[in-house]
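One structure below.
The values are calculated or read from the model by the stated rules, or taken from the named source; none is laboratory data. Since this is a predicted model, take the numbers as computed values, not measurements. Cβ: placed from backbone, ideal geometry, glycine included. Neighbour counts: every protein chain shown. Side chains are part of the model used for accessible areas, which takes the heavy atoms of the whole protein and leaves out ligands, DNA and RNA. Shrake-Rupley method; radii C 1.70, N 1.55, O 1.52, S 1.80 Å.
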Amino acid sequence: ILQVERAIKAETAKPSREQRRQALELFSSELAASERAYQNLLDDLRRSQPQYAAAHALEVPNSEAVQASLPAGTGIIEYVIEEQGLAIFVVTRQTLRATTVPIREVDLESRVSLLRDLILRVDSDAWIKLAHSLRQILIDPIERAGWLDGLNKLYVVPHGVLHYLPLAILPRDVPNGKRFLMEDFALSHLPAAAALVNGGASTISSNSLFALAPARARLQYAGREAQSVAEYFPSHRLVLLGPRATEGEFKRQAGQYSVIHLATHGFFNRFNPLLSGVVLEPGRGEDGKLEVHEILGLKLHAQLVTLSACDTALGSGYFTDVPAGDDFVGLTRAFLYAGSPSVLASLWEVNDRSTLRLMTSFYGHLGKGDKATALADAQRALVRRGGRLSHPYYWGPFVLVGAMN
């Protein structure tokens, strides 16, 4: 559809005498046929794949159904970026409110891009001023209005460039310094609010772990991380390290565990996002690249998939490379559609030594409550401990996507 629309736009942009009427008629006919085929596909998905349809917002529940799905103290913030402004919706069990912020799409994109660059400079605090300004745009208007009062957990439905901004790192000034958003709220991202109403749940209730740390990833601390995480699952665990962490073994074993932990790198294909994936070991006819299209074909029963790796939440390399609408084919969405209600992933290349500490803390807190709170507690612990690892580069990239519980 997009291809034909571009062809029509290019043809109609020509002077009238140069336009090819026959070509325009052909393009218009192709466009109508493509749109009919696409609509038929959506109709089929609504009937045959209700969970997939809900996650893609093909089947949209009404606002009352979304509100009824929210526990006390939990709200939803949804952002919609327009060319000349930003719309913000806030949903709680009792209310549905909306406001707009006058900021151009291009300006918002440039601020997010610059903040991501600045946050990688671990010996600098140049990121703080820009992070403050983004909080003033994204959070302050609804916070000043009192729309977040009484809430301690937030689902965030991002749009466009906001998929690549971890809201957890946005600070506000307090008398003794600054306080990050994750210190006030436990956060989780959603592909759509409909996922709360129609989302699936794990069918495995046992406390079991499947952890892999392949040698090909060349992460010095990945093996130690997998082994440290395994200590929280003493009764049922399978840990595959180095050459044993094969793609074939993952496909054979993954459906039997309640928690899947992948300590490895992600890789991205900007031209065909379905060929993005994570690095494992080859063997028995498998190339060691677990790609998105393969993940979509899995049947997982895990309560949580953790992608403890580099850039695993991104649908493509950098967000400027992602065509509009392609963000949903990222690794996080693939694992959601494969059957896991929650995915923990990272938004930029992470330091594997600091990740070892954060992941160990996360799983330690996971036994005491929900996933979003466990992540927030692990991040808070690094910040309060002070020192080098309190910089948001080390804890900020990790985001929970999907259900908090």
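Could you list, in sequence order, all residues of the stretch 45-74 that are crowded, with 17+ Cβ neighbours inside 10 Å, at pLDDT 90 or above and outside any helix (DSSP H, G or I)?
SER69, LEU70, THR74, listed by residue number.
Just to be sure before I move on: is ALA68 out of contact with any strand residue (DSSP E or B) (no Cβ under 9 Å at 6 or more places or on another chain) and closer than 29 Å to TRP348 by Cβ in the structure I sent?
For ALA68, the condition - out of contact with any strand residue (DSSP E or B) (no Cβ under 9 Å at 6 or more places or on another chain) and closer than 29 Å to TRP348 by Cβ - is not met.
Restricting to the stretch 366-382, count the residues that are in contact with a helix residue (DSSP H, G or I) (Cβ under 8 Å, 6 or more places away or on another chain) and open to solvent by less than 30 Å² (accessible area, probe 1.4 Å).
Counting residues in the stretch 366-382 that are in contact with a helix residue (DSSP H, G or I) (Cβ under 8 Å, 6 or more places away or on another chain) and open to solvent by less than 30 Å² (accessible area, probe 1.4 Å) gives 6.
Which of the residues belonging to the stretch 242-288 are open to solvent by 40 Å² or more (accessible area, probe 1.4 Å) and under 17 Å from LEU344 (Cβ atoms)?
Result: HIS265, single match.
One residue is enough: does the stretch 117-128 have a residue meeting the conditions under 19 Å from the mean Cα position of the chain (by Cα), more than 26 Å from LEU70 (Cα to Cα), of a type outside the set (S, T, N, Q) and crowded, with 19+ Cβ neighbours inside 10 Å?
yes
Answer yes if at least one residue in the stretch 193-216 is closer than 30 Å to GLU105 by Cα, part of a loop (DSSP other than H, G, I, E, B) and open to solvent by less than 40 Å² (accessible area, probe 1.4 Å), and no otherwise.
So far as the stretch 193-216 goes, yes, one or more of its residues are closer than 30 Å to GLU105 by Cα, part of a loop (DSSP other than H, G, I, E, B) and open to solvent by less than 40 Å² (accessible area, probe 1.4 Å).
Given ASP117, ASP107, ASP125, ASP173, which one is within 18 Å of HIS391 (Cα to Cα) and assigned to a helix (DSSP H, G or I)?
Selected residue: ASP117, the only one of ASP117, ASP107, ASP125, ASP173 that is within 18 Å of HIS391 (Cα to Cα) and assigned to a helix (DSSP H, G or I).
Could you tell me which residue of the stretch 329-360 is modelled with the lowest pLDDT, considering only residues that are over 21 Å from ALA376 (Cβ atoms) and in a loop (DSSP other than H, G, I, E, B)?
Per the criteria, the residue is GLY330.
Please work out which residue is modelled with the lowest pLDDT, limiting yourself to the stretch 289-328 and to residues that are part of a helix (DSSP H, G or I) and open to solvent by less than 10 Å² (accessible area, probe 1.4 Å). Spell out how you get there, then give the answer.
At the first step, the residues of the stretch 289-328 found to be part of a helix (DSSP H, G or I) are 292-295, 319-321, 327-328.
Then keep just the ones that are open to solvent by less than 10 Å² (accessible area, probe 1.4 Å); that gives 292, 295.
Details: VAL292: 89, ILE295: 94.
The extreme case among them is VAL292.
If I filter the stretch 239-256 for residues that are at pLDDT below 95 and more than 24 Å from HIS365 (Cα to Cα), do I get at least one hit?
Among the residues of the stretch 239-256, not one is at pLDDT below 95 and more than 24 Å from HIS365 (Cα to Cα), which makes the answer no.
Going through ARG111, ARG135 one at a time, which residue ends up being charged (D, E, K, R), closer than 21 Å to GLU82 by Cα, under 22 Å from the mean Cα position of the chain (by Cα) and open to solvent by less than 20 Å² (accessible area, probe 1.4 Å)?
Residue meeting the stated conditions: ARG135.
So which residues in the stretch 170-184 are surrounded by fewer than 23 Cβ atoms within 10 Å (Cβ to Cβ) and within 19 Å of the chain's Cα centre (by Cα)?
Result: LEU181, single match.
Per-residue answers, yes or no, for (1) small (Gly, Ala, Ser); (2) more than 17 Å from PRO166 (Cα to Cα):
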| residue | (1), (2) |
| --- | --- |
| ILE88 | no, no |
| ARG97 | no, yes |
| VAL106 | no, yes |
| LEU130 | no, no |
| SER133 | yes, no |
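Since PHE89 meets every condition but one in (1) open to solvent by less than 20 Å² (accessible area, probe 1.4 Å); (2) at pLDDT 95 or above; (3) of a type in the set (Phe, Trp, Tyr); (4) within 25 Å of ASP370 (Cβ to Cβ), which condition does it not meet?
For PHE89, the failing item is (1).
Considering only the stretch 222-244, state which residues are of a type outside the set (Asp, Glu) and assigned to a loop (DSSP other than H, G, I, E, B). Let's see the steps before the verdict.
So in the stretch 222-244, the residues of a type outside the set (Asp, Glu) come out as 222-224, 226-230, 232-244.
Of everything in the stretch 222-244, those that are of a type outside the set (Asp, Glu) and assigned to a loop (DSSP other than H, G, I, E, B) turn out to be TYR232, PHE233, PRO234, SER235, HIS236.
Which of the residues belonging to the stretch 217-227 are open to solvent by 30 Å² or more (accessible area, probe 1.4 Å) and at pLDDT 95 or above?
ARG224, GLN227
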